[in-house]
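The values are calculated or read from the model by the stated rules, or taken from the named source; none is laboratory data. Predicted model only: the values in this text are computed from it and were never measured. Every residue, glycine as well, gets a Cβ built from its backbone with ideal geometry; the counts of neighbours run over all protein chains shown. When the accessible area is computed, the model is the full protein with side chains, heavy atoms only, and any ligands, DNA or RNA have been set aside. Shrake-Rupley method; radii C 1.70, N 1.55, O 1.52, S 1.80 Å.
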Amino acid sequence: MADKKATLNLPGEDAIELDVLSGTLGQEEIDVRSLGSKGYFTFDPGFTSTASCESKITYIDGDEGVLLHRGYPIDQLALHSNYLEVCYILLNGEAPTKEQFEEFSTIVTRHTMIHEQIHHLFRGFRRDSHPMAVMCGVTGALAAFYHDAMDVNIERHREIAAFRLLSKMPTVAAMCYKYSIGQPFVYPRNDLSYAGNFLNMMFSTPCEEYVVNPVLERAMDRILILHADHEQNASTSTVRTAGSSGANPFACIAAGIASLWGPAHGGANEACLRMLEEIKTVEHIPEFLRRAKDKNDSFRLMGFGHRVYKNYDPRATVMRETCHEVLKELGMKDDLLEVAMELEHIALNDPYFIERKLYPNVDFYSGLILKAMGIPSSMFTVIFAMARTVGWIAHWKEMHDDGIKIARPRQLYTGYDQRDFNSLTK
Ligand code: SDX
């Protein structure tokens with residue numbers, strides 16, 4: 001909605017008026033689309049002050065530490081809903097009725113198997129490949145198996161692809177783990193919940209019955225909820241950009257997985273646990289904090305800071321409570337949790353972090369929970385990708401529903417002016 005105007009005075013030209021847009025919540029935004037026709041671009045590397053699209057899916061207030069999915073606060077969803085219900089909300093915009101939820105969860109449950117030939121695809125990877133490399137490759141390759149519904153211009157095809165991805169990502173994720181440890185793949189089971197089925201595919205073996213621990217099942221479901229979507233983060237923007245060219249949904253999600261893998265983004269949970277293991281004891285914390293503040297040292301406090309949150313990440317709060325629950329349920333004491341708690345306490349009272357509004361983010365505690373569940377750190381981002389698939393799909397679908405326009409940013413060119421080429425062979 002544009003009910004205000006901004007005036008821009010350009011050098012040597014008449015002032016121009018730009019619409020000021022306001023949404024339901026959040027800051028007002030200057031519509032700069034007409035600047036191109038006036039010979040100007042905006043310059044914003046990293047998009048720190050740029051809105052790339054309009055969306056109704058998720059709202060974040062970084063200053064207040066607010067995260068809403070279709071208007072529902074993340075803490076209420078994490079404590080009172082379940083991942084599949086949150087998936088329905090993200091994809092459809094409203095909470096489902098009992099009947100709608102039954103139908104939705106049945107469709108998801110009954111599409112969890114992947115094409116049997118894909119098992120052979122795994123064999124092409126080294127056993128010691130990073131599971132994210134395997135997940136990225138296999139997800140992109142799904143396009144080779146499900147091309148019967150990949151015309152992105154047909155809404156029914158988009159819906160089928162969405163269900164296939166939501167259903168099959170836990171199967172692919174668990175297969176990445178099983179392949180990495182040389183154990184046989186475990187088929188999905190329709191009698192288990194989404195999180196329970198994933199744990200079963202991860203940990204059961206043909207040799208003995210595996211019983212899903214309800215506390216771990218609930219904790220995994222909560223982790224999936226907390227990672228489901230997060231507005232226009234790097235990987236979601238990657239999915240939107242890939243999708244803007246009309247690329248098929250499997251290719252778009254594979255692009256999102258690739259972007260999420262980076263340690264500044266979804267790879268931070270794995271990097272955070274490695275950092276805590278490197279710190280090892282509370283006594284070593286001051287040295288690591290010194291390094292984190294040293295501009296000449298590339299070390300950063302993994303799991304701390306966020307482009308948007310300049311307050312506590314509301315997901316980190318729920319994650320910390322869940323971490324204590326899981327360790328208590330397992331009767332475990334993790335020295336790294338002590339290190340994490342002390343690191344958090346010291347950092348939150350350190351002027352460097354206070355001035356820069358650096359708080360723990362979603363990745364600070366998730367690794368400790370997953371480690372307590374017996375999941376190796378190399379699988380942490382795989383689980384993040386599995387959980388975020390619904391967010392990527394929701395944004396990909398919203399982009400198509402709104403009418404896609406290929407994403408094609410410009411640049412500030414500072415290279416050579418035109419010059420003649422002198423060939424060596426002339
Ligand atoms: C996720 O976007 C999303 O929504 C992502 C995500 C999602 O759900 O999709 O929330 C998931 O990716 C969470 C973030 C996980 N990443 C990490 O935990 C890695 C560590 N964090 C940093 O790399 C950093 O905080 C970022 C990348 C998360 C944000 O970086 P920005 O917004 O580009 O900020 P910046 O790098 O410009 O930092 C501002 C200042 C700098 O100091 P000055 O130059 O002003 O002196 O804060 C400093 C930075 O050096 N700083 C840190 C720090 N993070 C920022 N210093 C030490 N340790 C850190 N972790």
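General observations
- The Cα-based radius of gyration and maximum Cα-Cα distance (Dmax) for the chain are 23.2, 79 Å.
- Tilt relative to the chain, helix 363-372 - C-alpha long axis, 0 to 90 degrees, to 10: 20 degrees
- Range of Cα positions in the stretch 264-391 per principal axis (Å), largest first: 36, 34, 23
- Degrees, to the nearest 10: 131-141 long Cα axis against longest axis of the chain: 70 degrees
- Only Cα pairs under 8 Å and 6+ residues apart enter the sum, and on that basis the relative contact order of the stretch 28-132 stands at 12 percent.
- Cα-based shape type of the stretch 335-411, given that a ≥ b ≥ c are square roots of the gyration tensor eigenvalues and the cut on a/c is 1.5: oblate
- The stretch 309-359 - convex hull of alpha carbons, volume per residue in Å³: 60 Å³
- Cα gyration tensor category, rounded, prolate or oblate, for the stretch 142-276 with a/c compared to 1.5: oblate
- Between Lys38 and Ala144, the distance separating the two model label sites (each 7 Å from Cα on the Cα→Cβ line) works out to 5.1 nm.
- For Asp19, the solvent-accessible surface with a 1.4 Å probe is about 50 Å², rounded to the nearest 10.
- Between the C-alpha center of the stretch 242-279 and that of the stretch 92-134 there is a gap of 18 Å.
- The chymotrypsin sites (Phe, Trp or Tyr not before Pro) of the stretch 324-426 meeting both criteria, a DSSP state outside H, G, I, E and B (loop) and at most 15 other C-beta atoms within 10 angstrom of the site's C-beta, are Tyr413, Tyr416, Phe421.
- The chain: angle of helix 335-347 to the longest principal axis, Cα-based, in degrees nearest 10: 30 degrees
- Here the contact order of the chain, divided by its residue count and restricted to Cα pairs under 8 Å and six or more residues apart, works out to 19 percent.
- Taken along its three principal axes, the alpha carbon spread of the stretch 244-303 comes to 52, 23, 11 Å, from the longest extent down to the shortest.
- Separation of the stretch 175-214 and the stretch 4-37, taken as the distance between their Cα centroids, equals 54 angstrom.
- Calculated FRET efficiency, Gln100 to Leu79, Cβ-Cβ distance, R0 = 22 Å: about 0.50 to the nearest 0.05.
- Structural descriptor for the stretch 273-426: relative contact order 27 percent, calculated from alpha carbon pairs under 8 angstrom and at least 6 residues apart.
- Carbon plus sulfur fraction of accessible area for the stretch 278-426, probe 1.4 Å, in percent: 50 percent
- Rough spin-label spacing in nm, given labels placed 7 Å along Cα→Cβ, for Glu17 and Asn92: 4.4 nm
- Of the cross-linked pairs Lys38/Lys295; Lys178/Lys405; Lys168/Lys310; Lys4/Lys38; Lys56/Lys310, those separated by over 29 Å at the C-alpha level are Lys38/Lys295; Lys178/Lys405; Lys168/Lys310.
- Prolate is the label for the stretch 146-221, because the ratio a/c of its alpha-carbon gyration tensor axes (a ≥ b ≥ c) is 1.5 or higher and a/b is greater than b/c.
- At the residue level, His111 shows approximately 80 square angstrom of accessible surface with a 1.4 angstrom probe and all protein chains present.
- Rounded to the nearest 10 Å², the accessible area of Ser298 at probe 1.4 Å: 110 Å²
- Principal axis box of the stretch 25-173, alpha-carbon based, largest edge first, Å: 54, 42, 35
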